[in-house]
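Structure, as structure tokens:
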Amino acid sequence: MPKLTSKTESYREGLLESLRNPDEAAHYLNACLEDEDARVFLLALRDVADARGGVRALSRDARLNRESLYRMLSKSGNPSLDSLAAVLNACGLRLAVQSAVPRRRKRRLA
């Protein structure tokens, strides 16, 4: 019986391809921020860095030391706000704050 072969794209390749789009990267990072574990966000930021050419290219664009950037994006990373803003800026993204309180719908008067 002949073997069936199909060309499939790995999940990681598809993820990195989609993360090249800044809007997709923003949605991905925002979704990861909803996790209670801050390490999830840092690992997601590492995915975004990989999609944009890797940590080496990102360190150049963000004007940060490559070794520091590797440490910052590790599971045990603890980036400063300045470093985080520089990395996001280099990825074409920015920090934003929004209310965690859901908006109340205005009632329509008939």
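The figures follow:
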| quantity | calculated |
| --- | --- |
| Enumeration of residues in region 20-34 that are open to solvent by 70 Å² or more (accessible area, probe 1.4 Å), within 9 Å of the chain's Cα centre (by Cα) and closer than 19 Å to residue 81 by Cα | 30 |
| Of all residues making up region 79-110, the number that are part of a loop (DSSP other than H, G, I, E, B) and either without any contact (Cβ under 8 Å) to a residue 24 or more places away in the chain or in contact with a Leu (Cβ under 9 Å, 6 or more places away or on another chain) (or both) | 21 |
| Selection status of residue 76, in contact with a Lys or Arg (Cβ under 8 Å, 6 or more places away or on another chain), part of a loop (DSSP other than H, G, I, E, B) and exposed (fewer than 12 other Cβ atoms within 10 Å of the Cβ) | yes |
| Selection from region 62-73 of residues that are buried (at least 19 other Cβ atoms within 10 Å of the Cβ) and over 22 Å from residue 21 (Cα atoms) | 64, 72 |
| Boolean, residue 59 is open to solvent by 30 Å² or more (accessible area, probe 1.4 Å) and part of a helix (DSSP H, G or I) | no |
| Verdict on residue 56 being of a type in the set (D, E, K, R) and under 22 Å from residue 17 (Cβ atoms) | yes |
| Flag if residue 87 is of a type in the set (Val, Ile, Thr) and either more than 15 Å from the chain's Cα centre (by Cα) or open to solvent by 30 Å² or more (accessible area, probe 1.4 Å) (or both) | no |
| Residues of region 62-73 satisfying the condition of being in a helix (DSSP H, G or I) and in contact (Cβ under 8 Å) with a residue 12 or more places away in the chain | 62, 68, 69, 70, 72 |
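Per-residue answers, yes or no, for (1) surrounded by 12 or more Cβ atoms within 10 Å (Cβ to Cβ); (2) modelled with pLDDT under 95; (3) part of a helix (DSSP H, G or I):
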site	(1), (2), (3)
3	no, yes, no
9	no, yes, no
14	no, yes, yes
36	no, yes, no
42	yes, yes, yes
46	yes, yes, yes
55	yes, yes, yes
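The values are calculated or read from the model by the stated rules, or taken from the named source; none is laboratory data. Only a predicted model underlies this, so the values are computations on that prediction, with no experimental measurement involved. Note that we place each Cβ from the backbone using ideal geometry, even for glycine, and neighbour counts take in every protein chain shown. All accessible areas refer to the heavy atoms of the entire protein, side chains included, with ligands and DNA or RNA removed. Shrake-Rupley method; radii C 1.70, N 1.55, O 1.52, S 1.80 Å.
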